[in-house]
Every structure is written in C-alpha cells, then in structure tokens.
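Chemist: The structure under discussion is supplied below as structure tokens; questions concerning it will follow.
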Amino acid sequence: MTATAPVPRLIEQFEHGLDAPICLTWELTYACNLSCVHCLSSSGKRDPRELSTQQCKDIIDELERMQVFYVNIGGGEPTVRSDFWELVDYATEHHVGVKFSTNGVRIDEAVAAKLAASDYVDVQISLDGATAEINDAVRGPGSFAMAIRALENLSAAGFKDAKISVVVTRHNVDQLDDFKALADNYGATLRITRLRPSGRGADVWDDLHPTAEQQVQLYNWLVAKGERVLTGDSFFHLSGLGEPGALAGLNLCGAGRVVCLIDPVGDVYACPFAIHERFLAGNILSDTGFGAGFQNVWQNAPLFRELREPQSAGACGSCGHYDSCRGGCMAAKFFTGLPMDGPDPECVQGFGEPALAQDRDKPKSHLDHSRSSSGDPSRRSARPARAPIPLKLLAMPAKAPQKFCNESPV
Amino acid sequence: MAFDPDRGWRLHHQVAVRPEPFGALLYHFGTRKLSFLKNRTIVEVVNSLADHPDIRSALRAAGVDGTQQGPYLHAFGVLVQSKMLIPAEPPSPEGSTTS
C-alpha cells in the first residue's frame, strides 16, 4: 500500500495507540489439563471469579461495536470451559473472528468436523518439540500425542490451514525444519514465537531461552525460510541482526497501543506476556475512575495512556540498532529484572548478557493458578492468600513503566 | 487474478473496513489477513468503488488524476492480489477465498 498524503509514518501512529486494538488476546480460563513449565499465565486451577457466559457475551458485543476483527483465545486450556463452543459461535455470529490456542485435548473427530465447517474459526495447536521427547519435557507426558491426535483429526475432517504454534527454546531450535515438515504434513502453517520469562516461564527462562548463537541461527532460519512461517511479530528484538525489513512484521512493541490481554476475570493487561500488577490497566467489570467496560479501559486507563507516550530509549539511545529493535520486549526486560530503558535480555549486540550476570531482583506476579504439584514453591509461599470475591478492586500501577528502571538498577 | 484498473472491482464480502485516523484497517475474515490503507483518499476510493465502472474513474472522482494515480494503482494491485478486492462482475465463486 502507499501513502501520498503527508501523514506520520504508520509505526508512529501505532506507537500513539489506536481507538481499538488491532488484535486482542483473551485468556478465557486459568484452568488447564496440562502444566507446561513455561506457562505465561501460570495456569492450572480455575479462578472462582471467572467471567460468566453472559459477561463474556457482553464483552463480545463491545468488541463488535469497536470493530475488533478477531480475538486470540487462550488460557489455560480454553476448551475446558463448558460454554467454550457457545462463546466461539456467539463471537463469530457477531463479526468477531476467533483464533484459539489449544493443547488439543478436546479436538476429537466430532469437534474437528464442526470446526471444518466454519469459515471464521482458526485453530492453533501448541507443540514445543517436533518429537515427543523434547515436547513432553516442557509440556508434560502425553502432550505430544495429544497434539498430534488433534492435528490428525483436523486434517481428516478437512480443516484447512490449522496453525502449529511453537515456542522456540534452546532444545527445539534445531528442529525448526522438522516443525515445518510436520506442519506441511498436516496441511498446517507453522507459527513460532519467542519464549518469554512470564508466568512460570520466569522460573525456567534462564535454562530454556536460546543461546546467543542460537538466536543468530533462528534469525538466519527466519530470513531464509520464514516466508510462510508466522511469528506474531515476536522476534523484533532480533531485527538488528540484518537489514531493516528482513523480518516480516511491524517490529514494534504493541503493548497497550495495538494489542492487549483480557484475563479470565476481566482484568486487562498491556499484553499477553505481562500478567503483573504493574501492567494491569483496569478491569472490565468495575469502574475505577475511567468508566467500566473494555472500551473505557482501552481508551482511558492511565497505564495505556502512559504506554502511548514517547518512551525513553535510555541506555539504548546511542545504539545504532535502536531504530530496528526499539529496545526489545518490555515484558522480557521486566520479568528478568532488567531496567525498562535498557537492552533486551536477548539483545543482539550482547548487551543483555552482562546485565543478566549481575544481581537481579525478578518481579513476581501477584497471580499464580498453578496446581500444587508444579511451579516454584518459593513463589507461591511469597504470595499473600486472596479470598475469592466476585469483583476485585483494581490495583493501579504504582509507577509509569518508563520509570521501572529506578527500582532495580543493574 | 490479474489486476486490471479499467474494470470494476469491489470489496470481498468477507472483508471489513475499520476507519482509523491514518486511513483504515482492512481485515479479510476468510484469509485472516490484515491490510492497512495508509491515507484517507484511498479509503474514500475503496468505499466508492460500487459507484464507478472502474478504478480509474473512482480515482478521478476522488481528485486523483494522471501520474498521481501510479501509487494508488499499485496499492489496488496489492489489494487484488490479497483477495481483498474481487471483480465486480461476474460474482466471484465462493471457492476463490483460499485460507
């Protein structure tokens, strides 16, 4: 497309935020049959305050009014909600397309046939190893077989172009060609995304995130073979490794500007990788000074207004790659205990590594729905017990995000 | 589908247009592809396609003449390639929206 009128560059307009998100992640439940070691939302047990069917439908009505074209539904495992298919149907009937992420547990032959009959539903099967050995070490015993069964059912039912969603780790980065072959085999599209140190991911990130050499390997693979591979614009922190534009996508942190997360209790966070009080913009059900409802939170929440202000390049300001990577991922810095205006922990210039080697204070989320058999016990015990209440009061972010660095100097 | 600016085109029925300060977002529910219309003139032209026999006259009606049309024709070529736009007639068969 083209621009002939003197309007600001698109990326600048996105940085100032849009009236409605371009895409939105909605975690429908914290309940999950699996307990993946890197779960972004520390899922496991259902939250008793989970939104009701009617509350979900009201949100869908609002998304339709705002012309949010589609939602990425996840969890937890969203299909374990008894009203999951009802909500999917309601959304698509109201012009809100659905792409949902699942471990495959409910994708039997009948469900696959139903999905194949809809034009408006996209299915994303999570798989973190091209072999059971590598996958199950992260996602749990039997999870590889479960995902493959779901892919087989979808393929047999004639479902076109399912997505296989892979979080790239130190152990599966050598399997990218195998994942691609697997996707081709099922008529699916490969989607690879970055491992984030969010949720339980904080506990395993140091051991699972790709090494510096592997980051280069990943970048080169994306440039050479990534044309038909989706990335969710996830690897913009690597864009400094080559020519501008070599990686597809906007290469922009969209948190609170063009994306956000709605969690199972109606809390709105800046992005799917930021379930922490500091990135909590508001709650859809409660009016905390800027009106209730999603649109009010999106347009008026002080946190989102802050994120749409120009951000300081800080320590990265003098780096020649800043225009490419824009300092990297906010959540990756925050949850590894690095300053928000410093380099990404996986900075391609190598500036992340010395920062990671220092003493760090890794912020812990106030939420953990892990079942007792998993997760880091020290994190759970450090957390105050919270009685389930029907509506929660909003805890506002104490400080603007660009000031996080003042809290944990490296 | 080859792009011919001298024939009529219309938005695919599965494409939604969301106005934005910079122009508009286009989303194709069938291909699940997103496109950006990066100024308001092209939005005006896209929305007026039904009123014109071909793209050149739609552009002229929006005040885009002669050599100014080049970048716009390129943009329309991209929209045709991504199946956002389809020939006005005959109606496109359903099967044309691969996903």
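Chemist: Residues with amide H under 5 Å of A:Asp122's amide H, sequence separation 5 or more or different chain, H placed in the peptide plane at 1.01 Å from N; which?
Modeler: Residues meeting the amide H criterion: A:Val98, A:Lys99, A:Phe100.
Chemist: So if I place +1 on the C-beta of Lys and Arg and -1 on the C-beta of Asp and Glu, and nothing else carries charge, what would the dipole magnitude of the stretch A:1-114 be about its Cα centre? I want it in debye, nearest 20.
Modeler: 280
Chemist: Using only Cα positions of the stretch B:12-65, each an equal point scatterer, no hydration layer, compute I(q)/I(0) via Debye at q = 0.14, 0.27, 0.30 Å⁻¹ and quote the log10 values to two decimals.
Modeler: Log10 of I(q)/I(0), two decimals: -0.38, -1.04, -1.11.
Chemist: Show me, for the stretch A:336-341, the HN-Hα J-couplings you get by feeding each phi into the Karplus relation (A = 6.51, B = -1.76, C = 1.60, θ = phi - 60°), rounded to Hz, glycine and proline as x.
Modeler: Residue by residue, the stretch A:336-341 yields 9, x, 9, x, 5, 9 Hz.
Chemist: With a 10 Å radius around each residue's Cβ, average the other Cβ atoms per peptide and rank B:35-41, A:332-338, highest first.
Modeler: Result, highest mean first: A:332-338, B:35-41.
Chemist: Ignore the peptide's own chain and count Cβ atoms of other chains within 10 Å of each Cβ in A:133-143; give me the average, rounded.
Modeler: So the per-residue partner count for this stretch is 0.
Chemist: For peptide B:19-26, how many partner chain Cβ atoms fall within 10 Å of a residue's Cβ, on average?
Modeler: That works out to 5 on average.
Chemist: While we're looking at this one, here's another question. Testing the spin-label approximation: label points 7 Å from Cα along Cα→Cβ at A:Asp184 and A:Val216. State their distance in nm.
Modeler: Once both label points are built, they end up 2.7 nm from each other.
Chemist: Between A:Glu309 and B:Ala2, what FRET efficiency comes out of the Förster formula 1/(1 + (r/R0)^6) with R0 = 51 Å and r the beta carbon distance, rounded to 0.05?
Modeler: It comes out at approximately 0.65.
Chemist: Could you work out how far apart the two model spin labels at A:Gln55 and B:His74 are, taking each label as a point 7 Å from the Cα in the direction of the beta carbon, and quote it in nm?
Modeler: 5.0
Chemist: Let me ask you something else. Go ahead and run the numbers for FRET between A:Trp85 and A:Asp287, Cβ-Cβ distance against an R0 of 41 Å, rounding to 0.05.
Modeler: After rounding, the FRET efficiency stands at 0.85.
Chemist: Also, quick follow-up: Let me spell out the model: positive unit charges on the Cβ of Lys and Arg, negative unit charges on the Cβ of Asp and Glu, origin at the Cα centre of the protein assembly as shown. What dipole size does that give, in debye rounded to 20?
Modeler: 600
Chemist: Still on this structure: Can you compute the helix-only [θ] at 222 nm over chain A? Use -39500 (n - 2.57) per DSSP H run of at least 4 residues, normalise by all residues, nearest 500 deg cm²/dmol.
Modeler: -8500 deg cm²/dmol
Chemist: Peptide A:113-125: average number of partner chain Cβ atoms within 10 Å per residue?
Modeler: Across A:113-125, the average partner-chain Cβ count within 10 Å equals 1.
Chemist: Suppose we look only past 30 Å in the calculated P(r) of chain A. What percent of the Cα-Cα pairs does that tail hold?
Modeler: When every Cα pair of chain A is considered, 39 percent fall beyond 30 Å.
Chemist: Which part of the stretch B:1-42 falls in the paramagnetic zone of B:Ser57, meaning amide N under 18 Å from the point 7 Å along Cα-to-beta-carbon?
Modeler: B:4-11, by backbone N distance to the label point.
Chemist: Only four residue types carry charge here, +1 at the Cβ of Lys and Arg and -1 at the Cβ of Asp and Glu. Report the dipole size of the stretch A:109-213 about the Cα centre in Debye, rounded to the nearest 20.
Modeler: Dipole magnitude for the stretch A:109-213 comes out near 360 debye.
Chemist: Whole-Hz Karplus ³J(HN,Hα) for the stretch B:21-32, in order, using 6.51 cos²θ - 1.76 cosθ + 1.60 and θ = phi - 60°, x for Gly and Pro?
Modeler: Whole-Hz 3J(HN,Hα) from phi for the stretch B:21-32: x, 8, x, 6, 9, 10, 10, 9, 5, x, 8, 6.
Chemist: Still on this structure, please answer the following. From the backbone phi of the stretch A:211-219, what are the Karplus-calculated ³J(HN,Hα) couplings (6.51 cos²θ - 1.76 cosθ + 1.60, θ = phi - 60°) in whole Hz, Gly and Pro given as x?
Modeler: After applying 6.51 cos²θ - 1.76 cosθ + 1.60, I find 5, 4, 5, 5, 4, 5, 4, 5, 4 Hz.
Chemist: Let me ask something else about it. Which of the pairs A:Lys99/B:Lys33; A:Lys160/A:Lys180; A:Lys57/A:Lys364; A:Lys57/A:Lys99 have their Cα atoms more than 22 Å apart in this structure?
Modeler: Flagged as over cut-off: A:Lys57/A:Lys364.
We did not get these values from a lab; they are worked out from the coordinates using the rules stated. Fair warning: this is a prediction, and the values are worked out from it, not measured in the lab. With ideal geometry, Cβ positions are generated from the backbone for all residues, glycine too; neighbour counts draw on all protein chains shown.
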